[in-house]
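Novice: Below are the structure tokens for one structure; questions will follow.
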């Protein structure tokens, strides 16, 4: 658990160690609003690695 700018985040400790550093931003686009997560964790290759799937 950690706090940044008044927001408390709860992340499993082993996962947090794998993804550090992690950045969480709230973004608004023409398609809508939501949270954008950026980390050092590599995306999986192959089927299922994108939003469109196979």
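Novice: Residues in segment 1-15 that are in a strand (DSSP E or B) and surrounded by 10 or more Cβ atoms within 10 Å (Cβ to Cβ): how many?
Specialist: Quick first cut of segment 1-15, residues in a strand (DSSP E or B) only: 2-4, 7-9.
This time we only want the ones that are surrounded by 10 or more Cβ atoms within 10 Å (Cβ to Cβ), so: 2, 9.
Residues flagged as in a strand (DSSP E or B) and surrounded by 10 or more Cβ atoms within 10 Å (Cβ to Cβ) within segment 1-15 amount to 2.
Novice: Inside segment 28-46, can you point out the residues that are touching a helix residue (DSSP H, G or I) at 6+ places or on another chain (Cβ under 7 Å) and either loosely packed, with under 10 Cβ neighbours inside 10 Å or more than 17 Å from residue 18 (Cα to Cα) (or both)? Give the steps one after another, and end with the answer.
Specialist: Let us first name the residues in segment 28-46 that are touching a helix residue (DSSP H, G or I) at 6+ places or on another chain (Cβ under 7 Å), namely 39-41.
Result: 40, single match.
Throughout, read-outs are computed from the coordinates displayed, never taken from laboratory work. What you see is a predicted model, and the numbers here were worked out from it, not measured in a lab. FYI the Cβ positions are ideal-geometry reconstructions off the backbone, even for glycines, and counts take in every protein chain you see.
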